[in-house]
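Here the structure is laid out as structure tokens; the discussion comes afterwards.
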Amino acid sequence: MLLFKTSPALKKAISQYKSNKKKIGFVPTMGFLHEGHLSLIRAARKENDVVVSSLFVNPLQFGPKEDLKRYPRNFSRDKELLRLEGTDILYAPERADLYPEHFQTSVAVGPLSKVLCGLSRPTHFAGVATVVLKLLNLVQPNILYIGQKDFQQCRVLEQMITDLDLPVLVRRMPIIREKDGLAMSSRNSLLSPRERQEAVYLSRALAETEKAIQLGSRNGSQLKNSMKKALQKAVSGRLDYAEIVDSKTLLPVVTLKPGDRVLAAVAVYFSKTRLIDNVLVKVKS
Ligand code: AMP
């Protein structure tokens, strides 16, 4: 595996792959890798000639009071895990490589970024879109691999790729979970033992919601209220949101109709750590 810390070195390697018509799969990450990240690497390994991953804790996507400083990091372990999965290139830049002095441009993201996580993190998705656009320009992948765990991020990036005619396919990959159902996340390592136990109520609330929809519940606000109630079992958690939304627009669904694809999505704070999870449900006729 080649490790590049600067974009000129990365660009040089990419231009060689490009002139040899190699198919490039790309997996951007913020590191502290787990099986969720590795599932993306494995998917990229299966259908590309070259697998590129990036590791960068992007300051632009953290608000001033958020957890940029305490975000977990373990570069040597990450490097080894990526190497073992057969990653060809790891791009791990310093902040100044992506955002040199006088950097001042940002992607303006639209309504998809203003709901759900966007309400408590108003600058988050512009930060994500900006770094991913830069990374796509540097890596020039054929396929971008992203996780459904961050469903709203998927939608914002898919919309950016469509709106700006970016020549890349997107693979949205399923959520990888711990044995008890908790969605894997680098932030899980920041939970206390008690918070970790209670964090399981996110996936349980979502599973109950999915079941209720399958059994015929069609009232969005009733489903939402049941989810909120189920999340109260996480007594040390503080609810950010529990919503039933359309999976394309991310706007609330009042009445679920046959054939609809709805997203049940939740976010809960445990102390300063904010966990998110979701389930995508196709409403049966
Ligand atoms: P992050 O390092 O949190 O920015 O995540 C990097 C990529 O891994 C994003 O596309 C995430 O959606 C994806 N990802 C994170 N957690 C999971 C998970 N539990 N299952 C599948 N993909 C995930």
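The values are calculated or read from the model by the stated rules, or taken from the named source; none is laboratory data. Nothing here was measured: the structure is a model prediction, and the numbers come from that model. Glycine gets a Cβ as well: all are built from the backbone with ideal geometry, and neighbour counts include every protein chain shown. SASA here: full protein model, heavy atoms, side chains in, ligands and nucleic acids out. Shrake-Rupley method; radii C 1.70, N 1.55, O 1.52, S 1.80 Å.
Overview of results
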| item | result |
| --- | --- |
| Members of the range 8-52 that are in a helix (DSSP H, G or I), within 16 Å of the ligand (Cβ to nearest atom) and either open to solvent by less than 60 Å² (accessible area, probe 1.4 Å) or without any contact (Cβ under 8 Å) to a residue 24 or more places away in the chain (or both) | Gly36, His37, Leu38, Ser39, Leu40, Ile41, Ala43, Ala44, Lys46 |
| Single residue of the range 125-152 satisfying the filter (farther than 20 Å from Leu10 by Cβ and polar (S, T, N, Q)) that is nearest to the ligand (Cβ to nearest atom) | Gln148 |
| Among (1) touching a Gly at 6+ places or on another chain (Cβ under 7 Å); (2) loosely packed, with under 13 Cβ neighbours inside 10 Å; (3) more than 21 Å from Pro111 (Cα to Cα) - the single one Phe270 does not satisfy | (2) |
| Residues (within 7 Å of the ligand (Cβ to nearest atom) and not charged (D, E, K, R)) located in the range 174-188 | Pro174, Ile175, Ile176, Ala183, Met184, Ser185, Ser186 |
| Pair list, Cβ < 7 Å and 6+ apart or interchain, from the range 105-116 residues that are touching a residue at least 60 places away in the same chain (Cβ under 8 Å) to residues that are assigned to a loop (DSSP other than H, G, I, E, B) | Leu112/Leu250; Val115/Leu250; Val115/Leu251; Leu116/Leu250 |
| Residue in the range 95-116 that is touching a strand residue (DSSP E or B) at 6+ places or on another chain (Cβ under 7 Å) and within 13 Å of the ligand (Cβ to nearest atom) present | no |
| Pairs with Cβ under 7 Å, 6+ apart, first in the range 125-146 and more than 22 Å from Gln104 (Cα to Cα), second open to solvent by less than 10 Å² (accessible area, probe 1.4 Å) and away from the ligand (no atom under 14 Å from the Cβ) | Gln140/Ile14; Gln140/Ile24; Pro141/Ile24; Asn142/Ile24 |
| Filter result for Leu119 (of a type in the set (A, V, I, L, M, F, W, C), part of a helix (DSSP H, G or I) and within 30 Å of Gly259 (Cβ to Cβ)) | yes |
| Residue list for the range 117-137, restricted to those being open to solvent by 20 Å² or more (accessible area, probe 1.4 Å) and touching a strand residue (DSSP E or B) at 6+ places or on another chain (Cβ under 8 Å) | Leu119, Ser120 |
| Some residue of the range 189-203 being modelled with pLDDT of 95 or more, within 20 Å of the chain's Cα centre (by Cα), within 13 Å of the ligand (Cβ to nearest atom) and open to solvent by 50 Å² or more (accessible area, probe 1.4 Å) | yes |
| Some residue of the range 53-69 being open to solvent by less than 20 Å² (accessible area, probe 1.4 Å), out of contact with any Lys or Arg (no Cβ under 7 Å at 6 or more places or on another chain), more than 12 Å from the ligand (Cβ to nearest atom) and within 19 Å of Ile143 (Cβ to Cβ) | no |
| Members of the range 226-257 found to be assigned to a strand (DSSP E or B) and within 18 Å of Pro111 (Cα to Cα), listed by number | Tyr241, Glu243, Ile244, Val245, Asp246, Pro252 |
| The listed residue being touching a residue at least 12 places away in the same chain (Cβ under 8 Å), surrounded by fewer than 18 Cβ atoms within 10 Å (Cβ to Cβ) and within 14 Å of the ligand (Cβ to nearest atom), out of Arg155, Arg171 | Arg171 |
